[in-house]
Amino acid sequence: MDFTAVLAQIKPKLGCTADNLTLIEMQITKAREAGADLIVFPELAISGYFLKDLVPEVALRLDSAEILRLTELSCGISIVIGFVEESDDYHFYNSALYLEDGAIRHLHRKVYLPTYGLFDEQRYLARGESFRAFDTKFGRFGMLICEDMWHLSASYILAMDGATTLICLSSSPARGIEGDSPGSATAWQKLVSTTAMFLNCRVLYSNRVGYEDGVNFWGGSEYVAASGESIVRAPLLEEDVITARVTEGALRRERTISPLMRDENLFVTLQELRRIADKRCG
Amino acid sequence: MSALHANMELLRKLLVGFVRDEVGKVGISKVVLGLSGGIDSALVAFIAAEALGPENVHALCMPYKTSNPESEAHARLVATACGVNFSVLPITAMVDAYFDKFPDADNMRRGNKMARERMTILFDHSALLRALVLGTSNKTELLLGYGTLYGDMASALNPIGDIYKSQVWQLSAAMGIPAEVIEKQPSADLWAGQTDEEELGFSYRQVDELLYRMVDQRLTKLELVADGFESEFIDTIYAKIQNSHFKRRLPVIAKVSNRTIDRDFRYARDWGK
């Protein structure tokens, strides 16, 4: 089914959930009024990124008033949002929700929490343990949160699970000043394009902007077609909202011309991964 | 090509955006900085003027009686070129009042006192003008510890602390800083004829090439030697970084509780901003 997706390249305030929710609700209303079917926010849009000891203070349960409010709003437009989730057993996850028709359609907990260079996520957050595709009104989707996408297996699993659209929520810091764009932006653009092309999947990539403690988030949110071509891309370093018209026809044509996923042999992959796992386990 | 080659347009955007964003989120619209007549503070003044509008930037030139008169002239030239507010506030009376009690003080003590005198004036102007103090130390100086702790190293925000001196030169040229300021010998200007490179014993371009490989690229000593750096030079610079590390950290706190500031009480500076 064809649909219109809005990528909200916002600048959340660090630790200010109420202010961020006001901004998020305003963007949802604007997108719905403009006739969009889906709006995608970045990773940790409700809380900001470098939370450290703020994690338990900004965490929201799935039955919290804030999440219930966003779920209600999804009656008018489907919503993808990143936040810190608090579970019943008091673990805190870097999570993404897919909200549709007043219900939670899917919850993804970030599996790969980077703890190198400027990152320190696994000190504060619990690790998710699955990648699952899920059905929406617009087809079968898979969600990834930032670092998840740098692990080829994550996108591969979602694609093998039938996802034809991958949504990546991101808070990617800018670093590297040698090229035309920040080095991290160039790397991400290659990654998103290559992933789309290899897996015959379209990708909706939503990255935030702004600075936290001198670290810049570079933006550049984009819709990349299954061919790997970037169809629409937001500017770097600036707040913006971009709209992508996503059509079934383009996906069907790409999958017909380049049937990589049809020919992908899940059983060879499984057999070899099992062999490697057995060997590692001794 | 030098390993320090950078895209100046991108760097300018990132640094201008940094000042605009980090100043604005505190609920303040102005900044204050010390303008020495040298290139580092000139670059910060240009970046701040572009970020906030020159009317929101206050530059103070704070000469001591032994400062080279050319420095004040260059500071004035820079302020005029970027349109920022400019005033001159000599520190001779305050510094001399103190050293009248310690007439035998050496150049290092005198230099540190001058740097700290300037710092107190800048932070007083921060309260006077409701303006944040911008730092002007570059990455080369910060890594080598070539600055005065709680003096010129003190600030609220430092736009150039992650770029090397060689990159300061490149960006200054790209932003149109007057050529005489870019081309002159870098100097702390504590006494007549002092130059950074003579005092350090090597050139900034030379040390930047090493620092970039050592710090940013994390090359091993063997790799650095293979790249043509002298073993003794590598050891000297490594020791300088190590021995000045205290200047780049908060004071060490004796831990006795379960939650100690900065060790297990951890929040971003931009908490709630």
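For the stretch A:52-68, the candidate set comprises residues that are out of contact with any helix residue (DSSP H, G or I) (no Cβ under 6 Å at 6 or more places or on another chain) and among the aliphatic types (A, V, I, L, M); within that set, the residue that is surrounded by the most Cβ atoms within 10 Å (Cβ to Cβ) is A:Ala59. Could you go through the stretch B:92-112 and let me know if any residue there is touching a helix residue (DSSP H, G or I) at 6+ places or on another chain (Cβ under 9 Å), within 30 Å of A:Gly15 (Cβ to Cβ) and away from chain A (no Cβ under 14 Å). No.
Would you check if A:Ser153 is of a type outside the set (Phe, Trp, Tyr) and closer than 19 Å to A:Ala8 by Cβ?
Values: of a type outside the set (Phe, Trp, Tyr): yes; closer than 19 Å to A:Ala8 by Cβ: no.
When the stated conditions are applied, A:Ser153 does not pass them.
Taking (1) in a strand (DSSP E or B); (2) surrounded by 15 or more Cβ atoms within 10 Å (Cβ to Cβ) in turn, A:Arg245 satisfies each apart from (2). When B:Phe99 is tested against (1) out of contact with any Lys or Arg (no Cβ under 9 Å at 6 or more places or on another chain); (2) farther than 21 Å from B:Val168 by Cβ; (3) surrounded by fewer than 20 Cβ atoms within 10 Å (Cβ to Cβ), just one condition goes unmet, and that condition is (1). Does B:Val26 satisfy being more than 10 Å from every other protein chain (Cβ to nearest Cβ), in contact with a strand residue (DSSP E or B) (Cβ under 7 Å, 6 or more places away or on another chain) and modelled with pLDDT under 95? In short, yes.
Can you say whether B:Thr120 is in a helix (DSSP H, G or I), over 22 Å from B:Tyr150 (Cα atoms) and polar (S, T, N, Q), as far as the supplied structure shows? Taking the combined requirement at face value, the residue does not satisfy it.
Tell me, yes or no, whether the stretch B:31-39 has at least one residue that is part of a loop (DSSP other than H, G, I, E, B), more than 10 Å from chain A (Cβ to nearest Cβ) and out of contact with any Asp or Glu (no Cβ under 8 Å at 6 or more places or on another chain).
As a first pass, look at the stretch B:31-39 and keep what is part of a loop (DSSP other than H, G, I, E, B): B:35-38.
Restricting the remaining residues to those that are more than 10 Å from chain A (Cβ to nearest Cβ) gives B:35-38.
Next, from what is left, pick out any that are out of contact with any Asp or Glu (no Cβ under 8 Å at 6 or more places or on another chain): B:35.
Yes: one or more hits.
Taking the stretch A:94-121 as the search range and keeping residues that are in a strand (DSSP E or B) and among the aliphatic types (A, V, I, L, M), which one is farthest from A:Trp150 (Cα to Cα)? Before you say what the answer is, go through the steps one by one.
So the first thing to find is which residues in the stretch A:94-121 are in a strand (DSSP E or B), and the list is A:94-100, A:103-109.
Still in the list and also among the aliphatic types (A, V, I, L, M): A:96-97, A:99, A:103-104, A:107.
Working: A:Ala96: 17, A:Leu97: 20, A:Leu99: 25, A:Ala103: 29, A:Ile104: 26, A:Leu107: 20 Å.
Step by step, filter the stretch A:94-121, then rank; the result is A:Ala103.
Could you list, ordered by first residue, the pairs with Cβ atoms under 6 Å in which the first is in the stretch B:86-104 and within 20 Å of B:Gly37 (Cβ to Cβ) and the second is part of a loop (DSSP other than H, G, I, E, B) and aliphatic (A, V, I, L, M), at least 6 apart or interchain? Matching pairs, first to second residue: B:Leu89/B:Met62; B:Ile91/B:Met62. Residue check: is A:Glu239 modelled with pLDDT of 95 or more and out of contact with any helix residue (DSSP H, G or I) (no Cβ under 9 Å at 6 or more places or on another chain)? Yes: the conditions hold for A:Glu239. Could we say that B:Ser36 is of a type in the set (Gly, Ala, Ser), surrounded by 23 or more Cβ atoms within 10 Å (Cβ to Cβ) and under 28 Å from B:Gln206 (Cα atoms) here? So B:Ser36 fits the description; yes. Within the stretch A:267-279, can one find any residue that is more than 14 Å from every other protein chain (Cβ to nearest Cβ), closer than 30 Å to A:Ile177 by Cβ and not charged (D, E, K, R)? Checked the stretch A:267-279: no residue is more than 14 Å from every other protein chain (Cβ to nearest Cβ), closer than 30 Å to A:Ile177 by Cβ and not charged (D, E, K, R).
Being within 14 Å of another protein chain (Cβ to nearest Cβ) and either surrounded by 17 or more Cβ atoms within 10 Å (Cβ to Cβ) or in contact (Cβ under 8 Å) with a residue 40 or more places away in the chain (or both) is true for just one of A:Tyr223, A:Tyr211, A:Tyr205. Which residue is that?
Values: A:Tyr223 fails: within 14 Å of another protein chain (Cβ to nearest Cβ); A:Tyr205 fails: within 14 Å of another protein chain (Cβ to nearest Cβ).
After ruling out the rest, the residue left standing is A:Tyr211.
Listed by position, the helices (runs of 4 or more DSSP H) contained in the stretch B:161-273 that have at least 1 residues being touching a residue at least 60 places away in the same chain (Cβ under 8 Å), farther than 25 Å from B:Phe18 by Cβ and more than 14 Å from chain A (Cβ to nearest Cβ) are B:179-183, B:204-211, B:231-243. Looking at the stretch A:40-69, which of its residues are facing another protein chain (nearest Cβ under 10 Å) and among the hydroxyl-bearing types (Ser, Thr, Tyr)? Hit for the stretch A:40-69 is A:Tyr49, nothing else. For B:Asn107, indicate whether it is touching a Phe, Trp or Tyr at 6+ places or on another chain (Cβ under 9 Å), polar (S, T, N, Q) and modelled with pLDDT under 95. Yes; evaluated as a whole, the condition is true for this residue.
Let's see how each residue does on (1) farther than 25 Å from A:Ser47 by Cα; (2) touching a Phe, Trp or Tyr at 6+ places or on another chain (Cβ under 7 Å); (3) in a helix (DSSP H, G or I):
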residue: A:Arg123; (1), (2), (3): no, no, yes
residue: A:Phe131; (1), (2), (3): no, no, no
residue: A:Met143; (1), (2), (3): no, yes, no
residue: A:Tyr156; (1), (2), (3): yes, no, yes
residue: A:Glu178; (1), (2), (3): yes, no, no
residue: A:Ser181; (1), (2), (3): yes, no, no
residue: A:Met197; (1), (2), (3): yes, no, yes
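Checking the stated criteria, A:Thr71 turns out to be assigned to a helix (DSSP H, G or I) and not charged (D, E, K, R). Here B:Ala6 clears all of (1) touching a helix residue (DSSP H, G or I) at 6+ places or on another chain (Cβ under 8 Å); (2) within 14 Å of another protein chain (Cβ to nearest Cβ); (3) without any contact (Cβ under 8 Å) to a residue 24 or more places away in the chain except the condition numbered (3).
For A:Leu14, are the conditions met, namely being within 14 Å of chain B (Cβ to nearest Cβ), over 22 Å from A:Tyr90 (Cβ atoms) and either buried (at least 23 other Cβ atoms within 10 Å of the Cβ) or within 20 Å of the chain's Cα centre (by Cα) (or both)? Before the answer, list the steps.
Working: within 14 Å of chain B (Cβ to nearest Cβ): yes; over 22 Å from A:Tyr90 (Cβ atoms): yes; either buried (at least 23 other Cβ atoms within 10 Å of the Cβ) or within 20 Å of the chain's Cα centre (by Cα) (or both): yes.
Judged against the criteria, A:Leu14 is a match.
With the checklist (1) at positive phi; (2) in a helix (DSSP H, G or I) in hand, flag the one item A:Ser193 doesn't pass. A:Ser193 satisfies all of (1) at positive phi; (2) in a helix (DSSP H, G or I) except (1).
Only a single criterion out of (1) more than 10 Å from every other protein chain (Cβ to nearest Cβ); (2) outside any loop (DSSP other than H, G, I, E, B); (3) more than 15 Å from B:Ala174 (Cα to Cα) is not satisfied by B:Tyr64, namely (2). Scanning the stretch A:151-192 for residues that are touching a strand residue (DSSP E or B) at 6+ places or on another chain (Cβ under 8 Å), of a type in the set (A, V, I, L, M) and within 14 Å of chain B (Cβ to nearest Cβ) gives A:Ala174, A:Ala185. Consider B:Thr80 carefully, then state whether it is within 25 Å of B:Glu180 (Cα to Cα) and surrounded by 16 or more Cβ atoms within 10 Å (Cβ to Cβ). Considered against the rule, which asks whether it is within 25 Å of B:Glu180 (Cα to Cα) and surrounded by 16 or more Cβ atoms within 10 Å (Cβ to Cβ), B:Thr80 comes out as no.
The values are calculated or read from the model by the stated rules, or taken from the named source; none is laboratory data. All values reported here derive from a predicted model rather than from experimental measurement. Cβ atoms come from the backbone with ideal geometry, glycine included; neighbour counts cover every protein chain shown.
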